[in-house]
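The values are calculated or read from the model by the stated rules, or taken from the named source; none is laboratory data. It should be emphasised that the depicted structure is a prediction, and the values quoted were computed from it without experimental measurement. Quick reminder, even Gly has a Cβ in these numbers, built from the backbone with ideal geometry, and neighbours come from all protein chains shown. Keep in mind that these areas ignore ligands, DNA and RNA; they rest on the heavy atoms of the full protein, side chains included. Shrake-Rupley method; radii C 1.70, N 1.55, O 1.52, S 1.80 Å.
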Amino acid sequence: MSVPIHPLAVSAYTVTSALGHGLHDHLHALDTARSDLRANDFSSAPLACWIGRVAGVENITLPSAFAAWECRNNRLAWLGLNQDGFADRVRAARERYGAERVALVLGTSTASIGATEEAYRRLDADGRMPADLRRPAIHVPHSLVAFVAEALGLEGPALTMSTACSSSAKVFASAERMIRLGLVDAAVVGGVDTLCDSVLFGFNALELVSPEPCQPFDRARRGISIGEAAGFALLERTDAHPDAPRLLGYGESSDAHHMSTPHPEGLGAEFALRDALARAGLEAAQVDYINLHGTASQKNDEVEAALVSRAFPATTRASSTKAFTGHTLGAAGILEAAFALLAMEHGLVPGNLGCNDPDPACGPQFAWRNEQKRIDIALSNSFGFGGNNACLAFGKAAA
């Protein structure tokens, strides 16, 4: 049975996606119900779909000290780290606790595999990678974490979390355990994933990619739109930041029902939800808003809608934000945690963009248009391939 945890302060956070760079851009997009999905202009071969591409990544140049880490994923990470004063907040924590007492836990599904794809497309006559991409450190799943640890000057535990689309939600759970056990005093958590052929053509091969902008929870939904994002948060004990929003709890499960299809009754998702509420010491009726996983795939939305309908009262509001940004895969957890935190701070329930004809499985909890509402408690759902599920519970300090 899950035991309630001591809440942690979310003392800083930031996010970068197709909606823009930093929290202000994201809040403005939510407030004006503006999607930034665009017709696919990224893949190396034509693929008719819509994507959430971050503007300006191609123009980023890493500082010369980090030139060995050059790739799209690490450029997006650098862009994300330098929003909302986040890097400065981490430096302050590093000075306060010591570099070895700040952990780094980041989620990703493909890391810098885009650079590896390019290298294989450019193999020379002897089958060798081109000289400019002959850098082993960027061709491994740990590339992101190794780069960010060096960029932030952190020397504590450094973990890569790769559990599909729950990756950058589960990082909060790992960080809480390390802080609770006294291994560290603070943790940088988050995730980064970038567009690449592997995900675009891979998901398309699974017949999960929509040829039009995704429509979460719409009766006529045809699949996901893939996006990219970078997001980070700094977790510390509450006595260091008593007025900051808090991580109240988390839930994790691994139902292993199927490689790419959720349990038909949402068993794993419900376990994660119940676990999060128990760790937070909450009842379902206390939850004001849920940022749903809501990918616009047939099975995910059907299962999640049924779970919300049976588990929460009509007063709880729920919506998916995937139609704003696309599904950012390993970065979805941190992106949507940021949406939940913004919703709490500004009393804004984002409308379920993209849905014109709601699936009959959706209950009265669904917010189809923006609503103004006091939000003291917010959840964020992240459900991944292989039955890797996570749910995060956040609350205002005063609550």
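Just so you know, in the range 154-202 the residues that are without any contact (Cβ under 8 Å) to a residue 12 or more places away in the chain and of a type in the set (Gly, Ala, Ser) include one that is surrounded by the most Cβ atoms within 10 Å (Cβ to Cβ), and it is Gly202.
Could you list all residues from the range 36-46 that are out of contact with any Leu (no Cβ under 6 Å at 6 or more places or on another chain) and either open to solvent by less than 50 Å² (accessible area, probe 1.4 Å) or in contact (Cβ under 8 Å) with a residue 60 or more places away in the chain (or both)?
Of all residues in the range 36-46, those out of contact with any Leu (no Cβ under 6 Å at 6 or more places or on another chain) come to 37-39, 41, 44-46.
Once the filter is applied, which keeps residues that are out of contact with any Leu (no Cβ under 6 Å at 6 or more places or on another chain) and either open to solvent by less than 50 Å² (accessible area, probe 1.4 Å) or in contact (Cβ under 8 Å) with a residue 60 or more places away in the chain (or both), the range 36-46 yields Leu37, Ser44, Ala45.
Need a quick list: helices (runs of 4 or more DSSP H) entirely within the range 95-187 having at least 3 residues that are under 23 Å from Ala240 (Cβ atoms) and of a type in the set (A, V, I, L, M).
Hits in the range 95-187: 143-152, 167-180.
Which one of these does Asp88 not meet: (1) open to solvent by 80 Å² or more (accessible area, probe 1.4 Å); (2) part of a helix (DSSP H, G or I); (3) touching a residue at least 40 places away in the same chain (Cβ under 8 Å); (4) not β-branched (Val, Ile, Thr)? Unmet condition: (3).
Inspection of the range 62-76 finds a residue satisfying the criterion of being open to solvent by less than 30 Å² (accessible area, probe 1.4 Å), in contact (Cβ under 8 Å) with a residue 40 or more places away in the chain and in a loop (DSSP other than H, G, I, E, B). Restricting attention to the range 218-246, the residues that are closer than 21 Å to Leu392 by Cα and of a type in the set (A, V, I, L, M, F, W, C) add up to 7.
Assess whether Asn73 counts as being closer than 23 Å to Thr295 by Cα and either more than 22 Å from the chain's Cα centre (by Cα) or at pLDDT 95 or above (or both).
yes
Of all residues in the range 385-399, those that are open to solvent by 10 Å² or more (accessible area, probe 1.4 Å), hydrophobic (A, V, I, L, M, F, W, C) and assigned to a strand (DSSP E or B) total 0.
Within the range 296-323, the set of residues being among the hydroxyl-bearing types (Ser, Thr, Tyr) and open to solvent by less than 10 Å² (accessible area, probe 1.4 Å) comprises Thr316, Ser319, Ser320, Thr321.
Among the conditions (1) at pLDDT 95 or above; (2) assigned to a helix (DSSP H, G or I); (3) within 21 Å of Val199 (Cβ to Cβ), the only one that Asn300 does not satisfy is (1). Collect the residues in the range 10-35 that are touching an Asp or Glu at 6+ places or on another chain (Cβ under 9 Å), surrounded by fewer than 19 Cβ atoms within 10 Å (Cβ to Cβ) and more than 13 Å from Asn82 (Cβ to Cβ), keeping them in residue-number order. The one that is touching an Asp or Glu at 6+ places or on another chain (Cβ under 9 Å), surrounded by fewer than 19 Cβ atoms within 10 Å (Cβ to Cβ) and more than 13 Å from Asn82 (Cβ to Cβ): His24.
Residues in the range 264-274 that are part of a helix (DSSP H, G or I) and open to solvent by 20 Å² or more (accessible area, probe 1.4 Å): 4 in all. It is to be established whether one or more residues within the range 223-242 are loosely packed, with under 15 Cβ neighbours inside 10 Å and aliphatic (A, V, I, L, M). Among the residues of the range 223-242, not one is loosely packed, with under 15 Cβ neighbours inside 10 Å and aliphatic (A, V, I, L, M), which makes the answer no. Only residues that are open to solvent by less than 60 Å² (accessible area, probe 1.4 Å) and in a helix (DSSP H, G or I) were counted in the range 47-61, giving 1. Of the residues contained in the range 204-219, none is found to be under 30 Å from Asn82 (Cα atoms) and either of a type in the set (D, E, K, R) or modelled with pLDDT under 95 (or both).
Of all residues in the range 243-257, one or more are in a loop (DSSP other than H, G, I, E, B), open to solvent by 40 Å² or more (accessible area, probe 1.4 Å), out of contact with any helix residue (DSSP H, G or I) (no Cβ under 8 Å at 6 or more places or on another chain) and modelled with pLDDT of 95 or more.
Selection within the range 346-384: residues that are surrounded by 14 or more Cβ atoms within 10 Å (Cβ to Cβ) and among the acidic types (Asp, Glu). The member of this set that is farthest from the chain's Cα centre (by Cα) is Asp359. Consider Ala131 carefully, then state whether it is farther than 28 Å from Val15 by Cα, among the small types (Gly, Ala, Ser) and out of contact with any Phe, Trp or Tyr (no Cβ under 9 Å at 6 or more places or on another chain). Answer is yes for this residue.
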